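The values are calculated or read from the model by the stated rules, or taken from the named source; none is laboratory data. What you see is a predicted model, and the numbers here were worked out from it, not measured in a lab. Here the Cβ is made from the backbone with ideal geometry for all residues, glycine too, and neighbour counts use every protein chain on show. Just the protein is used for accessible areas: all its heavy atoms, side chains included, with ligands, DNA and RNA removed. Shrake-Rupley method; radii C 1.70, N 1.55, O 1.52, S 1.80 Å.
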Amino acid sequence: TRGMWRLKNCDFPPVRLNFANKEVKGSVWHDLDEPKLVSYCRNNDTYEQFVLQELQLYRIYRLLTPVSHQVRLLRMSYADSATGKVENTRFAFIVEDPAHMGLRVGGKVIDAKGATPDDLEPRAATIAYVFQYLIGNTDFSFSGLHNAELMAMPNGVNFPIAYDFDFSGAIGAPYAAPDVSLPIKRVRDRLYRGFCQQNDMIPAVLTLFQEKKASIYALYSDDVGTLMNPKTVKETLAYFDEFYATITSPKDVEKR
């Protein structure tokens, strides 16, 4: 088992898989050592939808930068190990483990807390912070490595990588709440948490988000999007519309 909040609060615990390379060689799991499995928290349709919603946020992040976790949708059957009886079948997804991602992008994840803005590649950091603002997520810290990783590249720069988005406003799970130290009351309230030192990167990064808008929205009408509740899709895209209305206004960009 893994995790903190979900491990204490969910009916089904979050787990990490452990593949033996010799057993998965040549399969879709090749070179995946210990990937995370994101499964349902509670065994009902609403919580299964939260899984699909979070999967979509990982897919959005992938559209913005290759230095992010690949994900794969699964249809999982859960069987009693004693009887073999299938108790339920639900959607889940697997998250690329850090070591595999490092091999893919030519870097290495480092376990070093205390990163300052000067330690982070400016464009990559700004993409990560604006992405978190898009989805309304404040439950992360690149300095504290909370729901975040640092990828050290051969040229000496560090790319911040975000993960775990279930507390985001784009999902709006009933259990999610912002940290009491933040000046927002609901997870649906957006708060930009980037650093002033990187503000000169914002115009170019906002252009990237504009360029990716159609691709982002298209995720909600593709094979995964059609598995989602139509009302949820409509509400999510309306939430994204608010973001795009903000970034098209220079005055709002400056304010936020």
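Using bins 5 angstrom wide from zero, how does P(r) for region 1-106 break down, in % of all Cα pairs?
For region 1-106, the pair-distance distribution reads 2, 11, 18, 23, 22, 15, 7, 2, 1.
When N counts the residues of region 53-187, how does its alpha-carbon radius of gyration compare numerically with 2.2 N^0.38 Å, as a ratio?
Ratio of Rg to 2.2 N^0.38 Å for region 53-187: 1.19.
Please list log₁₀ I(q)/I(0) at q = 0.14, 0.17, 0.18 Å⁻¹ for region 141-234, using the Debye equation with identical point scatterers on the alpha-carbon positions.
-0.80, -1.15, -1.24
State whether region 207-248 is rounded, prolate or oblate according to the following rule on the C-alpha gyration tensor (a ≥ b ≥ c being the square roots of its eigenvalues): a/c under 1.5 gives rounded; otherwise a/b larger than b/c gives prolate, and the remaining case gives oblate.
Oblate is the answer for region 207-248, as a/c is 1.5 or above yet b/c matches or exceeds a/b.
Which listed residue (Gln56, Ser27, Leu208) has the Cα farthest towards the positive end of the charge dipole for the chain, taking +1 on Lys and Arg C-beta and -1 on Asp and Glu C-beta about the Cα centre?
Gln56
Take peptides 213-226, 164-177 and line them up by average Cβ neighbours within 10 Å, highest first, as a rough protection proxy.
164-177, 213-226
With n ≥ 4 as the cut-off for DSSP H runs, can you work out [θ] at 222 nm for the chain, using -39500 (n - 2.57) per run divided by the number of residues, rounded to the nearest 500?
-11000 deg cm²/dmol
Hey, what's the chain come to in accessible area per residue, 1.4 Å probe, Å²?
51 Å²
What share of Cα pairs, in percent, lie more than 19 angstrom apart in region 19-76?
Value for region 19-76 (Cα pairs over 19 Å): 45 percent.
Of the options Pro160, Gly106, Pro13, report the single residue whose Cα projects farthest towards the positive end of the charge dipole of the chain (beta-carbon charges: Lys, Arg +1; Asp, Glu -1).
Toward the positive end, the furthest listed residue is Pro13.
Please state the charge dipole magnitude for region 82-215, taken about the Cα centre, from unit charges on C-beta atoms (+1 on K and R, -1 on D and E), reported in debye and rounded to the nearest 20.
Using Cβ point charges on Lys, Arg, Asp and Glu, region 82-215 gives about 420 debye.
To the nearest 20 debye, what is the magnitude of the charge dipole of the chain about its Cα centre, counting +1 on the Cβ of each Lys and Arg and -1 on the Cβ of each Asp and Glu?
Value, rounded to 20: 260 debye.
What percentage of the solvent-accessible surface of the chain, computed with a 1.4 Å probe over protein heavy atoms, is contributed by carbon and sulfur atoms?
51 percent
Treating only the Cβ atoms of Lys and Arg (+1) and Asp and Glu (-1) as charged, compute the dipole magnitude of region 168-254 about its Cα centre; round to the nearest 20 debye.
Using Cβ point charges on Lys, Arg, Asp and Glu, region 168-254 gives about 240 debye.
Can you list, by residue number, the Cys in the chain that have no neighbouring cysteine C-beta under 4.7 Å?
That list is Cys196.
Per the Kirkwood formula on distinct C-alpha pairs, the Rh of region 125-186 is how many angstrom?
After inverting the pairwise mean of 1/r, the radius is 12.5 Å.
³J(HN,Hα) across region 148-159 via Karplus (A = 6.51, B = -1.76, C = 1.60, θ = phi - 60°), whole Hz, x for Gly/Pro?
Here the 3J(HN,Hα) series is 7, 9, 10, 9, 7, 9, x, 7, x, 8, 10, 9 Hz.
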